[in-house]
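In what follows, a single structure is set out as structure tokens and then discussed.
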Amino acid sequence: MAPSIVLVSWMVLGLVMATSTTQVEAARAFFVFGDSLVDNGNNNFLATTARADSPPYGIDTPSRRATGRFSNGKNIPDFISWGDALGSEPTLPYLSPELKGDRLPVGANFASAGIGILNDTGVQFINIIRMYKQLKYFQQYQTRLADLVGYEEAQRIVNDALVLITVGGNDFVNNYYLVPFSPRSRQFSLPDYVRYLISEYRKLLMRLYDLGARKVLVTGTGPMGCVPAELAMRSPSGQCATELQRAAALYNPQLVQMINELNSQYGANIFIAANTEQKTNDFITNPTAYGFTTSKVACCGQGPYNGLGLCTMLSNLCPNRDEYAFWDPFHPSERANGIIVDMILSGSSNYMSPMNLSSLLALDSNTRT
Ligand SMILES: *[C@@H]1O[C@H](CO)[C@@H](O)[C@H](O)[C@H]1NC(C)=O
Ligand SMILES: *[C@@H]1O[C@H](CO)[C@@H](O)[C@H](O)[C@H]1NC(C)=O
């Protein structure tokens, strides 16, 4: 009997702590848009092959259950929710039937694995929530929220909320470079394609602004040529694949520039950019400095660098996920996600432009009464 009593009292304690945190911080909602790096389960509800709802995904969560997150444990939005920035429970996937009533004001996650800036990105995954649809759902969400708390309060919740958007990587790996001579690569040179992506991304960010978003964290792509999948397919020597590295090097600085332009257009720091390419490069050039034994081999997968195919129960699986920068052929491990979020919260101007998230939120609480 004794052990279960201890367990129960821990659970009660956990509940009390969770409740008090929510009361203190309940003021700020969190909305998430983008692709598999930030999807926390929307694709579980869709007929698509882009999903992470079976083991060993989620192996390092308390329940060891696969939830649809492309991680062994927490993903980037989870660390932001659980961390000092918001101190609230993680948002539910927008398609979850549990997202209703009291859960609505906490926020929602609209992200969907496989999507890109462009509608024709990820067509092979068939039934996924493309960006225009994620934004449509955000509008629908706001109507539901207004029905619950009233129009003015709903507006306030959205204006005060933190928004995260992570999209763009798939426009390269699941579009331009998906097959040799892809339609987009015949249509555009790489520099022209990057300019086109940035101009389309700009429209998405302006739409977010129109829908009431006022604090928007935008992440760049990682060093796309260095992920285990690309090493396996393009670079047996283990050097990061040149073309994808060139793509990341063109895309990320233009994204920052576009964001700076939007901020001056709106006359406020609405958007902040996170240099995920630089941070991930840091792991890749010096994995041991971050406590990783490898940044080339995925923990879960098969083939060279465990970079081929999907991560399933039949794949190789490393015993200690914390030693790997990459969990599967494309996605960072839980520990790597935590390091990326540390950068977002408190990184210097080498990583965060024009400021880190802590500074943005502090600025905001000074101006709020
Ligand atoms: C994507 O498709 C939607 C719906 O058909 C359309 O409204 C939108 O303009 C398209 N976006 C782009 C960039 O073509
Ligand atoms: C965030 O950025 C500011 C300004 O660049 C810097 O002074 C500060 O040390 C950074 N970290 C935190 C936790 O605010």
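The values are calculated or read from the model by the stated rules, or taken from the named source; none is laboratory data. This is a predicted model, so every value here is computed, not measured. Virtual Cβ from ideal backbone geometry, glycine too; neighbours counted across all protein chains shown.
Among the numbered conditions (1) under 22 Å from residue 220 (Cβ atoms); (2) within 21 Å of the chain's Cα centre (by Cα), the only one that residue 286 does not meet is (2).
Taking helices (runs of 4 or more DSSP H) as the structural unit, those lying wholly within segment 174-239 and holding at least 3 residues that are under 28 Å from residue 341 (Cβ atoms) and within 16 Å of ligand 1 (Cβ to nearest atom) correspond to 190-210.
On the stretch given as segment 143-156, residues that are buried (at least 18 other Cβ atoms within 10 Å of the Cβ) and either at pLDDT below 95 or closer than 26 Å to residue 46 by Cβ (or both) total 1. Out of the residues in segment 107-124 meeting the condition of being outside any helix (DSSP H, G or I) and either of a type in the set (Lys, Arg) or within 13 Å of ligand 1 (Cβ to nearest atom) (or both), tell me which one is surrounded by the most Cβ atoms within 10 Å (Cβ to Cβ). Ranking the qualifying residues of segment 107-124, first place goes to 115. All of 127, 159 fail the test of being exposed (fewer than 15 other Cβ atoms within 10 Å of the Cβ) and in a helix (DSSP H, G or I), apart from 159. Within segment 274-310, the set of residues being of a type in the set (D, E, K, R) and assigned to a helix (DSSP H, G or I) comprises 277, 279, 282. Examine segment 262-277 for a residue that is of a type in the set (A, V, I, L, M), farther than 30 Å from residue 208 by Cα and surrounded by fewer than 18 Cβ atoms within 10 Å (Cβ to Cβ), and state whether such a residue exists. Within segment 262-277, none of the residues are of a type in the set (A, V, I, L, M), farther than 30 Å from residue 208 by Cα and surrounded by fewer than 18 Cβ atoms within 10 Å (Cβ to Cβ).
Checking each residue of segment 69-87 against the condition of being of a type in the set (Lys, Arg), away from ligand 1 (no atom under 16 Å from the Cβ) and closer than 24 Å to residue 218 by Cβ gives at least one match.
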